[in-house]
Structures are given as structure tokens and as C-alpha cells.
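Undergrad: Sharing a structure with you now.
The values are calculated or read from the model by the stated rules, or taken from the named source; none is laboratory data. Just so you know, these numbers come straight off a predicted model, no measurement behind them. Backbone-built Cβ (ideal geometry, glycine too); neighbour counts: all protein chains shown. Protein only, heavy atoms only, side chains kept; ligands, DNA and RNA dropped before computing areas. Shrake-Rupley method; radii C 1.70, N 1.55, O 1.52, S 1.80 Å.
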Amino acid sequence: MVKKRGGKLKKLVLVFLLCLIVIPVSAQLTVTPQVGINSAFLTNEVTGVAYDAEVGYQIGINLRFGDFFHIQPGIYYETLKKSLALEGTGIGGDFSNGYINIPVLVGIKLIPLRVFDLRLNTGLSFSILTSVGDNDIGITKDDLNSPLWGWIIGVGLDFVFISTDISYEFG
């Protein structure tokens, strides 16, 4: 009978490599509560429909793992508010919809100073429609796409214990 050699060594090397990846990432964990405003607009105009984006809000939390390079997953509840009108009919109104948004970003510190850090972030966003507010237009959850995928780019500024982010989502 021939015994395979190196099985334990391969496992040991794999565990070691995982530790090299996990230890630096877990050494720096920043938890950032997020509260903000948002606005959404249509990139493909619909003929005969007038569309206006209004200001919505979002609230949630980010976890930032790492220091110079970081991974930043988060979870938010957000509302998007819109005004729609069917041109020439007098039919229209405002409506809002709620989403659970789960972004996963990667980033780098562009300016790492002791007083403040300037970060660049990019990554994917996954949104699940949770609600459609009462409206006079008759829009329901069945009329809207869910889930939604997006791509986010943004910058962030950390000043002492305050963190701010500005981002744009494609999708």
C-alpha cells in the first residue's frame, strides 16, 4: 500500500495562507453607521412619461475590514422617491419605494494621514424591493424589478471618528 505524502503539508500551507489574508484584514475593523440622502433618475426615458426624482433617505451600517486596502460590506434600508405623470392625461403623482441595499465595496486610502483619511471605493450593490408606498398611479411591487444589481464608485473622508461618503451607483 502506498501512502500519499504531503496531504498534511498542503493543508498546513493553506491554513497559513488564509491566516496571512485574514489576520491583517481582521486587525483593522471600523464600524460606521450610515445616514444619508439619495436621488434616483431614469437613464432610459419612457415616451409619454414625465419623470422627476425627489430626495429619499437611507440608513444602515458599514463594516470596513483593513487599513490601507479595505473591504467594506454594508446593509441599508433606503427609500427612493419619484414623481411620474402620463403626459396629456392628467394622470400622475408621487410614489416611493423601499429597498434593502447590500453593497460590497473594495477600497484604498488615497491620503492616509493621522488627522484624516481620503478613501476611494468601488464595488457591487444588490438591492431587494421591500415596499411600494401608497400612490395614485397604481404602481405596485409587481410593476418594479427586483432584485437590482448595481456598480458603485465613490470617495470617503474619515476625520477623527466621523466618516462621510459620496457615491454614484450605475445600474
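Undergrad: For the subset of region 30-65 comprising residues that are of a type in the set (Ser, Thr, Tyr) and open to solvent by less than 100 Å² (accessible area, probe 1.4 Å), which member is farthest from Val160 (Cα to Cα)?
TA: Tyr51
Undergrad: Here's a follow-up. Starting from residues that are open to solvent by 60 Å² or more (accessible area, probe 1.4 Å) and either touching a helix residue (DSSP H, G or I) at 6+ places or on another chain (Cβ under 7 Å) or assigned to a strand (DSSP E or B) (or both), keep the ones in region 66-91 and report whichever is farthest from Tyr168 (Cα to Cα). Walk me through how you get there before you give the answer.
TA: Applying the first criterion (open to solvent by 60 Å² or more (accessible area, probe 1.4 Å)) to region 66-91 yields 67-69, 71, 75, 77, 81, 86-91.
If we keep only those that are either touching a helix residue (DSSP H, G or I) at 6+ places or on another chain (Cβ under 7 Å) or assigned to a strand (DSSP E or B) (or both) as well, we get 69, 71, 75, 77, 81, 86, 91.
Details: Phe69: 20, Ile71: 18, Ile75: 16, Tyr77: 17, Lys81: 17, Leu86: 28, Ile91: 31 Å.
It comes out as Ile91.
Undergrad: Taking region 21-65 as the search range and keeping residues that are aromatic (Phe, Trp, Tyr) and closer than 19 Å to Phe170 by Cβ, which one is modelled with the highest pLDDT? Full working, then the answer.
TA: Of region 21-65, the ones aromatic (Phe, Trp, Tyr) are 41, 51, 57, 65.
Adding the requirement that they be closer than 19 Å to Phe170 by Cβ leaves 41, 51.
Working: Phe41: 74, Tyr51: 80.
My answer is Tyr51.
Undergrad: Would it be correct to say that Thr164 is open to solvent by 70 Å² or more (accessible area, probe 1.4 Å) and not in a strand (DSSP E or B)? Walk me through how you get there before you give the answer.
TA: Values: open to solvent by 70 Å² or more (accessible area, probe 1.4 Å): yes; not in a strand (DSSP E or B): no.
It is false that Thr164 is open to solvent by 70 Å² or more (accessible area, probe 1.4 Å) and not in a strand (DSSP E or B).
Undergrad: Sort through Asp117, Asp94, Asp134 and tell me the only one that's free of Cβ contacts under 8 Å to residues at least 60 places away in the same chain, of a type outside the set (S, T, N, Q) and open to solvent by less than 50 Å² (accessible area, probe 1.4 Å).
TA: On the way: Asp94 fails: open to solvent by less than 50 Å² (accessible area, probe 1.4 Å); Asp134 fails: open to solvent by less than 50 Å² (accessible area, probe 1.4 Å).
From the options Asp117, Asp94, Asp134, the qualifying one is Asp117.
Undergrad: In this structure, does Gly107 turn out to be crowded, with 16+ Cβ neighbours inside 10 Å and not basic (Lys, Arg)? Lay out the reasoning, then the answer.
TA: Numbers: crowded, with 16+ Cβ neighbours inside 10 Å: yes; not basic (Lys, Arg): yes.
Yes, satisfied.
Undergrad: Here's something else I'd like to know. Going through region 120-131 one residue at a time, which ones are more than 15 Å from Thr164 (Cα to Cα) and either of a type in the set (D, E, K, R) or open to solvent by 50 Å² or more (accessible area, probe 1.4 Å) (or both)?
TA: Leu124, Phe126, Ile128, Thr130
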